[in-house]
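Please read the structure below before turning to the comments.
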Amino acid sequence: MLQSWLKIAENSDFPIQNLPYGIFSIADKKPRVGVAIGDFILDLKKTAKYGFFKDLKIDTAVFGAKYLNDFIALGKPTWHKVRQRLTELLKEGNSPLKLYAEKVLIPMSEATMHLPVKIGDYTDFYSSIEHATNVGSMFRDPQNALLPNWRHLPVAYHGRASSIVISGTKIHRPSGQSKPAHSEVPIFQPSHSLDFELEVAFIVGKDNELGKKISTENAENHIFGLVLFNDWSARDIQAWEYVPLGPFLAKNFASAISPWVVTMEALEPFRCASPQQEPEVLPYLQYEGDKTFDIKLEVAIKPQNAEEKTVCQSNFKYLYWNMSQQLAHHTINGCNMQVGDMCASGTISGATPDSYGSMLELTWRGTQPLEMNDGSTRKFIEDYDTVIMRGFCQKDGLRIGFGEVCNKVLPTKTD
Ligand code: MN
């Protein structure tokens with residue numbers, strides 16, 4: 001297997017086969033493009049400055065930008081060329097980059113990570129059949145948990161891009177309207193049921209013109225890469241507000257993403273089949289070949305003064321609707337997607353209770369609290385808890401990781 005001349009721990013998320021992109025800054029320097037390798041970040045702006053991309057004939061100004069959008073917009077052949085060059089520079093042997101190692105490699109511990117893309121629009125799908133069934137059972141009727149459209153189209157809503165934040169951002173408990181069962185009228189208060197949603201989001205890598213659809217066959221050419229996504233949710237606010245137009249203030253106070261965008265090329269060895277769909281879907285949603293990836297996902301909760309506890313283990317491959325179908329459906333009416341748009345999967349739950357991707361499901365609406373390592377229990381997320389999501393692909397000694405998305409919850413803001 002390919003190795004780097006840099007020493008990389010065996011269980012690192014970022015071996016030479018990964019090379020995910022992010023935006024970082026150090027000290028008083030401006031944010032710029034970097035690639036994760038082991039415990040380091042390769043500064044692409046400086047790598048370009050020393051001429052290592054010169055013969056590739058690309059506009060290297062994109063590496064000095066504070067978002068990846070300009071780089072992504074250069075297109076898939078460029079993503080491939082840059083990845084190949086980075087592989088050459090970082091693989092073991094006589095790499096000319098070694099002479100510049102001190103200048104171009106920054107310890108991750110010294111860097112601050114920023115949002116990797118300027119997100120134009122954000123869509124949240126609802127593509128896990130286990131999640132949709134669990135929620136439908138709790139809020140409606142276990143016999144008719146899935147609404148009639150669910151198996152025929154990937155249900156989604158348009159979310160809000162401005163409140164998508166980078167891992168590490170502290171989240172204030174939102175306040176809002178809710179209507180407790182015992183109350184005749186709605187009340188205004190801090191959410192009593194703050195929840196996470198374990199999701200993965202893809203970043204659109206190529207525009208489609210208004211009026212022009214993207215086929216399932218071509219969809220992956222329009223995807224740059226994937227990040228972990230925590231779609232923070234306030235269940236009490238959601239239950240009261242969501243009829244008839246869907247989620248609003250229960251969702252748009254914050255969603256958080258992991259800082260490193262793992263590319264489709266890095267994920268390729270982990271391509272696998274999606275679940276069989278029944279009944280057969282309409283022709284524009286049909287596809288050939290394997291269209292999803294085996295990405296292990298987990299969620300841990302860390303109370304203020306205790307060790308973290310893993311509360312969920314799930315997998316991206318459980319999703320009923322794959323990304324190609326999501327993108328084909330999103331554009332079948334001619335909706336134009338743009339570079340930097342983000343599409344989240346929806347909560348990714350598996351078949352077993354330990355694979356449910358939200359507290360709503362894990363505690364079955366608070367009726368079965370989870371025990372933490374300090375003996376305390378949780379129905380939902382409490383103030384000063386930290387929620388950590390991790391994701392990685394692993395087989396035959398190769399690990400392609402996403403790092404983590406991690407947020408601490410603070411009390412509601414009073415001013
Ligand atoms: Mn969601």
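Here, each number is a calculation from the coordinates, and none is a lab measurement. Everything numeric here is computed off the predicted structure, so don't read it as measured data. Here the Cβ is made from the backbone with ideal geometry for all residues, glycine too, and neighbour counts use every protein chain on show.
Take each peptide in 261-273, 80-92, count the other Cβ atoms within 10 Å of every residue, and average; sorted highest first, the result is 261-273, 80-92. Protection proxy ranking, highest mean first, for peptides 228-236, 350-358: 228-236, 350-358, where packing is the per-residue count of other beta-carbon atoms within 10 Å, averaged.
For the range 273-290, the residues whose backbone nitrogen is under 17 Å from a point 7 Å from the Cα of Ile332, taken along Cα to Cβ, are 277-288. Rounded to the nearest whole Hz, the Karplus-based 3J(HN,Hα) values (6.51 cos²θ - 1.76 cosθ + 1.60, θ = phi - 60°) of the range 44-49 follow the sequence 6, 4, 6, 4, 5, 4, with x at glycine and proline. For Val311, the amide hydrogen comes within under 5 Å of the amide hydrogens of Val299, Ala300, Ile301, counting only partners 5 or more places away or on other chains and with H modelled in the peptide plane.
In this structure the amide hydrogen of Ile37, modeled in the peptide plane, comes within under 5 Å of the amide hydrogens of Leu42, none closer than 5 places in sequence on its chain. In plain terms, the chain from Thr352 to Glu268 could stretch by 27.5 nm, reckoned as 0.36 nm per residue minus the Cα-Cα distance.
For Asp55, project a label point 7 Å along Cα to C-beta. Then give me every residue of the range 95-110 with its amide nitrogen under 15 Å of that point. Residues 95-97 fall inside that zone.
Under 5 Å between amide hydrogens, built in the peptide plane, is the criterion, and for Val155 it picks out Tyr126 among residues at least 5 positions away or on other chains. Spacing of the modelled spin labels on Asp207 and Lys395, each 7 Å from Cα toward Cβ, amounts to 3.8 nm. Each residue of the range 218-229 is assigned a 3J(HN,Hα), and the resulting list reads 9, 4, 5, 5, 9, 10, 7, x, 10, 9, 6, 9 Hz, derived from the Karplus form 6.51 cos²θ - 1.76 cosθ + 1.60 (θ = phi - 60°), x at Gly and Pro. From the Cα gyration tensor of the range 1-90, with a ≥ b ≥ c the square roots of its eigenvalues, which class applies: rounded if a/c is under 1.5, or else prolate if a/b is larger than b/c, or else oblate? Oblate, because a/c is 1.5 or more while a/b does not exceed b/c. Here the Gaussian network model covers the chain, with springs between Cα atoms less than 10 Å apart; of Ile237, Ile257, Ile348, Ile237 fluctuates the most. Karplus-based coupling profile of the range 31-41, in residue order and whole Hz: x, 7, 7, x, 10, 7, 9, x, 8, 10, 10, with θ = phi - 60° in 6.51 cos²θ - 1.76 cosθ + 1.60 and x standing for Gly or Pro.
Within the same chain, aspartates and glutamates fewer than 8 places from Lys291 are excluded, and of the rest, those with a Cα less than 12 Å from its Cα are Glu217, Glu220, Glu268.
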